[in-house]
1. Starting from segment 104-118, take each residue that is more than 18 Å from residue 18 (Cα to Cα) and list its partners that are among the polar types (S, T, N, Q), counting only C-beta distances under 8 angstrom and pairs at least six apart or across chains.
2. If I ask for residues that are under 35 Å from the mean Cα position of the chain (by Cα) and either surrounded by 16 or more Cβ atoms within 10 Å (Cβ to Cβ) or free of Cβ contacts under 8 Å to residues at least 12 places away in the same chain (or both), which ones from segment 16-27 would you list?
3. Against the definition (modelled with pLDDT of 95 or more and within 13 Å of the chain's Cα centre (by Cα)), how does residue 211 come out, yes or no?
4. Give 157, 190, 165 a once-over and let me know the one that is more than 26 Å from residue 440 (Cα to Cα) and outside the structural domain of residue 424 (by TED's automatic domain parsing).
5. Among the residues of segment 45-72, write down those that are surrounded by fewer than 18 Cβ atoms within 10 Å (Cβ to Cβ) and at pLDDT 90 or above.
6. Whether any residue in segment 368-383 is more than 28 Å from the chain's Cα centre (by Cα) and either over 19 Å from residue 317 (Cα atoms) or among the β-branched types (Val, Ile, Thr) (or both) is what I want to check.
7. Exactly one of these conditions fails for residue 381: (1) touching a Leu at 6+ places or on another chain (Cβ under 6 Å); (2) crowded, with 18+ Cβ neighbours inside 10 Å; (3) not charged (D, E, K, R). Give me its number.
8. When the residues of segment 110-163 are narrowed to those that are surrounded by fewer than 14 Cβ atoms within 10 Å (Cβ to Cβ) and polar (S, T, N, Q), which ends up nearest to residue 209 (Cα to Cα)?
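The values are calculated or read from the model by the stated rules, or taken from the named source; none is laboratory data. Owing to the predicted nature of the structure, the values given are computational and were not obtained by experimental measurement. Here Cβ is always computed from backbone atoms with ideal geometry, including for glycine, and neighbour counts include all displayed protein chains.
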Amino acid sequence: MADSFEEKLTAVLAHAIAGFETLVSCDRLSGGASQETYRIEIASRGSTRLLAMRRATGGEDDAGFSGAPGLAVEAKLFDIARKAGVPEPEIYYTFKSSDGLGAGFIMEWLAGETLGARINKIPELDQIRPKLAHECGQILARIHDIDLDDSGLRDALTATATGNLVRKMWDEYQTFDTPQPMIDFTARWLLGNLPDQCEHRLTHGDFRNGNLMVTPEGIIAVLDWELAYIGDPVRDLGWICTNSWRFGRHELPVGGFGTREDLLAGYETQCGRKIDPDHLRFWEVFGSFWWAIGCLKMQQSWRDLPERSVERPGIARRSSECQTDCANLIIPGPVNLLEPGVATTTVDMPSSTELLSSVRDFLRNDVRGAVDARNGFMALVASNSLDIVIRELKLGSAAREAEQTRLSDLLDTSGELEDLRWKLVMALRSGELALDHPGLPNHLRNTVVNQLAIDQPKYSGLAVALGQGGNCR
């Protein structure tokens, strides 16, 4: 009976891959906060060959997402999309429970760029980059035209109406027991601006820059089908326009590499359907709302799941990026960005900030270059988390004091900051407070933007909020 991970994997490869001889290496790649991705090298017929493996975190038996199709269905989606003309890797084997490896599958290894920031800037992609938005539109049209009945996907995937999707996400956020008024405000806005009903189709659910593999010839793979469902297909078009996936190039709304006009032209050319701009805008707002909650969910995962990756709490702090994007889209206006407070004198030598800085620099400059790629990535993530703590020490007190003052004026009551936050959240959830209540939009906008200045001041949404970077749209 195979006991180790490598032994179990070798047994599967021997069964699934023709010509397999030996397992040479199996390396987990950096990134992948929700699932594990591996590069496998095998000896086969006198030479070496690369394969890819997707697996549930920690070798679990399911995908780890409530309502997600699971990795077995994800493998099926890769196969069906490939047959429909969507660029995808070939799936070789889907794990069975008897394999002892948890949920997952083995697929063809494809070589290309998947990091969104690199897709947007490396010289090798200069010629193809302006064509990517049009190509994304064509690919999405092919995905949305897959017949749900002929493919068997109607029985394999969940169908979700847009209003139910908003309520489901809002309900899930409320289980986190954290008062984030901008999220509640955006949920109310979304439910008040639902688009007209449209035909439900196969929806990828996570089609964005960062889930595409690109070469100088174009897109060679659409990755990560773990959130696929049956619903409003315009969600996919709005998601790739969401500011989080522009990687700093907010002036090019489609993934940071193209225009909405090119995206929609590619879509219409392929399938003949026109997309209403207000319909698209709704899903852009929803995209930031969804990811604001998704970021917070990473903290819950860190608390609850066996693998406590340093990446997840860092991602959780990115919720303020998305909340700022929501504010930029639906309550734009001026912001009073607070300055760092005057440092208090201390007898400690070194100070807390200096201690944190020394650990941050050690992780970023020493550890990162001395370990393998994945741990080097995690060392960078850890150093970035320490940067957040350092900024919070400098800015946090002033931000909290200003927030408390605004809340007291808005709610016409005094109290501790957390209690006031909860009062505002409950008034929003109950509908007691109108979205245009005097002072409410200004309070929310100033709160989330100043929190973003602590969490990630380099995020493009901050420049937009301050009127320094154009419009998020």
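1. Sorted first by the residue in segment 104-118, then by its partner, the pairs are 104/94; 111/215; 112/215; 113/215; 114/211; 116/209.
2. Going through segment 16-27, the residues under 35 Å from the mean Cα position of the chain (by Cα) turn out to be 16-17, 23-27.
If the condition is that a residue be under 35 Å from the mean Cα position of the chain (by Cα) and either surrounded by 16 or more Cβ atoms within 10 Å (Cβ to Cβ) or free of Cβ contacts under 8 Å to residues at least 12 places away in the same chain (or both), then 16, 17, 23, 26 are the ones that fit.
3. Working: modelled with pLDDT of 95 or more: yes; within 13 Å of the chain's Cα centre (by Cα): yes.
The answer is yes for residue 211.
4. On the way: 190 fails: more than 26 Å from residue 440 (Cα to Cα); 165 fails: more than 26 Å from residue 440 (Cα to Cα).
One residue alone meets the criteria, 157.
5. Selection gives 47, 48, 49, 50, 72.
6. Looking only at segment 368-383, we keep the residues that are more than 28 Å from the chain's Cα centre (by Cα), and these are 370.
From what's left, either over 19 Å from residue 317 (Cα atoms) or among the β-branched types (Val, Ile, Thr) (or both): 370.
Yes, that holds for at least one residue.
7. With (1) touching a Leu at 6+ places or on another chain (Cβ under 6 Å); (2) crowded, with 18+ Cβ neighbours inside 10 Å; (3) not charged (D, E, K, R) applied to residue 381, the lone miss is (1).
8. 127
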